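K.L.:
Below are the structure tokens for one structure; questions will follow.
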Amino acid sequence: MSGKPANGQDKNANAMWGGRFASSPSALMEAINVSIGFDRRLAAQDIRGSVAHADMLAKQGIISEEDRDAIHDGLKRILEEIEGGHFTFSTALEDIHMNVEGRLRDLIGPAAGRLHTARSRNDQVATDVRLWVREAHDRADAQITNLMDTLLTQAAAHAETVMPGFTHLQSAQPVTFGHHLMAYVEMLGRDRSRIRDSRKRLNECPLGAAALAGTSFPIDRHATAEALGFDGPTRNSLDSVSDRDFILEYLSIASISAMHLSRLAEEIVIWMTPQFGFVRLSDQWTTGSSIMPQKKNPDAAELVRAKPGRIIGSLVALLTVMKGLPLTYSKDMQEDKERLFDAADTYELVLAAVSGMIADLKPVSERMAAAAGAGFATATDLADWLVRALEMPFRDAHHVTGRLVAEAEQRGCGLEDLSLDVMQAVEPRITDAVYGVLGVENSVRSRMSFGGTAPDNVRAQIAWWRARL
């Protein structure tokens, strides 16, 4: 007995393709083609776009108000089913768009078929993903702001807490812990600026570009864009369905920002070692060892240090997908979503973890101060004093300071512990006023240049940023 009905079409043919194909896809084709396993995360955005599209179609007289109302009611019920966990997703229907439309047909009948008038899955998915990425921008903005606020709180509490500043991971000059934390506020401020700039750029609506060339129906793309909170419609139908710059830009921003967070996490790892002992984290952010009972491992910081690899990998993966695609839409673009979703989840997790660790962080000020004075960290202050007080050329001052460092090293003491007689044996014009710049506290207080580490500067910068948060 034949498997085909009277019209000659295979009864197993996928209804989505209409009469073009005589049989359904093979199992392997379905496996490589199906996306409902991950693009179901676009359900809310897909339904929101469909509501706006149906409303516009009715206002333009393309569908009846009765069909619009039925579509709206059906979509509302579908969203409730999905959010309630009662919706059955079908791999046979391939993606979120057809799953929603298939369920809509079950609920309201033939009127569901009118929803897809004057649009394609190409502009539909472009709109859905823009809506999702826009929300991801807003979440990141809020989380970055919260982390900046947490850093500002710690910086304010430790504007005078002295610690060593490093170059090449070697002690360089004394700074304050508050000043050090404020460096990350600056980085995050740039991240937040990039997020906000990117959000403005992506806020154009592709819906109505249809498959690639627009549509002959008298649609109102400006109305649809306004209904979905966009600044306006995209201006070229070809670019509208093939553009994924907004995803790439989000992934780029997330990669840069996660790199910043990884640098901070690495410092926390270093600072927690017994050899440094600069900070402590509570048991909430650390783990122990299965064999060494003395261990307290900064696992959360280590994972924050590792996670950017996933985000950067997602950026590289999508750049690689997009680099060779001709206009307009190609199924390759389906590969954007898993990378996007994983990167966004990872980035948001990392932001939350760093905020928690910074709030929990307890500096060990006595260890920081002791390390800040080690390694003749105030040598530059001595050289600067020689230039200011004795009008000595800096290169000469550098040489004199080097000789005094050698004297202190030979005697096993700090520069501030050298007697005036010893200093004058190297440079007779030195007076006891030099002791006013030696010592780590004097050193940090003297760094009053704009952006410098002086505690008053740190407090001023904290106030500046608080006014902008």
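K.L.:
Just the number, please: Stokes-Einstein D of segment 113-262 in µm²/s, Kirkwood Rh from C-alpha pairs, 20 °C, 1.002 mPa s. Walk me through the numbers on the way to the answer.
P.N.:
On the way: Rh = 18.0 Å.
The estimated diffusion coefficient comes to 119 µm²/s.
K.L.:
So, one more: Hey, got a sec? Which trypsin sites (Lys or Arg not before Pro) in segment 375-451 land in a DSSP loop and have at most 15 other Cβ atoms within 10 Å? If you can, show how the numbers build up before the last one.
P.N.:
Values: sites: ARG388, ARG395, ARG403, ARG411, ARG429, ARG445, ARG447; in loops: ARG429, ARG447.
Here the sparse-neighbourhood loop sites are ARG429.
K.L.:
Considering just Cα atoms, how many Å³ per residue does the convex hull of segment 336-469 enclose? Mind dumping the intermediate values first?
P.N.:
Values: hull volume 25.4 nm³, N = 134.
Taking only Cα atoms, segment 336-469 has a hull volume of 190 Å³ per residue.
K.L.:
Suppose the Debye formula is applied to equal point scatterers at every Cα of the chain; what is log10 I(q)/I(0) at q = 0.08, 0.11, 0.12 Å⁻¹?
P.N.:
With one equal scatterer per Cα and no solvent, log10 I(q)/I(0) is -0.66, -0.95, -1.05.
K.L.:
Given a 1.4 angstrom probe, I'd like the percentage of the accessible area of the chain that is carbon and sulfur, rounded to a whole number. Mind showing how you got there, number by number?
P.N.:
On the way: 11730 of 22470 Å².
So the carbon and sulfur contribution to the accessible surface is 52 percent.
K.L.:
Along segment 263-272, what does the Karplus equation 6.51 cos²θ - 1.76 cosθ + 1.60 (θ = phi - 60°) give for ³J(HN,Hα), rounded to whole Hz, x for Gly and Pro?
P.N.:
5, 5, 4, 4, 5, 4, 4, 5, 4, 7
K.L.:
Under a no-solvent Debye model with one identical scatterer per Cα of segment 244-290, what's log10 I(q)/I(0) at q = 0.33 Å⁻¹?
P.N.:
-1.10
K.L.:
Additional query: I'd like to check one number: the per residue accessible area of the chain, probe 1.4 Å, reported in Å² as a whole number. List each step's numbers first, then the result.
P.N.:
Numbers: 22470 Å² over 469 residues.
Spelled out: the 1.4 Å probe surface of the chain, per residue, equals 48 Å².
K.L.:
Could you list which residues have their amide H under 5 Å from that of ALA172, counting only those 5 or more apart in sequence or on another chain, with H placed in the peptide plane?
P.N.:
Counting only residues 5 or more places away or on other chains, the set is GLY165, PHE166, THR167.
K.L.:
Taking a ≥ b ≥ c as the square roots of the Cα gyration tensor eigenvalues, with a/c under 1.5 meaning rounded and otherwise prolate when a/b beats b/c, else oblate, which class fits segment 363-411?
P.N.:
On the way: a/c = 4.04, a/b = 1.85, b/c = 2.18.
Taking the square roots of the gyration eigenvalues as a ≥ b ≥ c, segment 363-411 is oblate.
K.L.:
Relative contact order, percent, of the chain when contacts are C-alpha pairs under 8 Å separated by at least 6 residues? Before the final figure, lay out the partial values.
P.N.:
Working: 643 pairs, mean separation 73.1, N = 469.
Across the chain, relative contact order equals 16 percent.
The values are calculated or read from the model by the stated rules, or taken from the named source; none is laboratory data. Every value quoted in this text rests on a predicted model; they were computed, and no experiment measured them. Counting neighbours? That spans all protein chains shown, and the Cβs are built from the backbone with ideal geometry, glycine included. Just the protein is used for accessible areas: all its heavy atoms, side chains included, with ligands, DNA and RNA removed. Shrake-Rupley method; radii C 1.70, N 1.55, O 1.52, S 1.80 Å.
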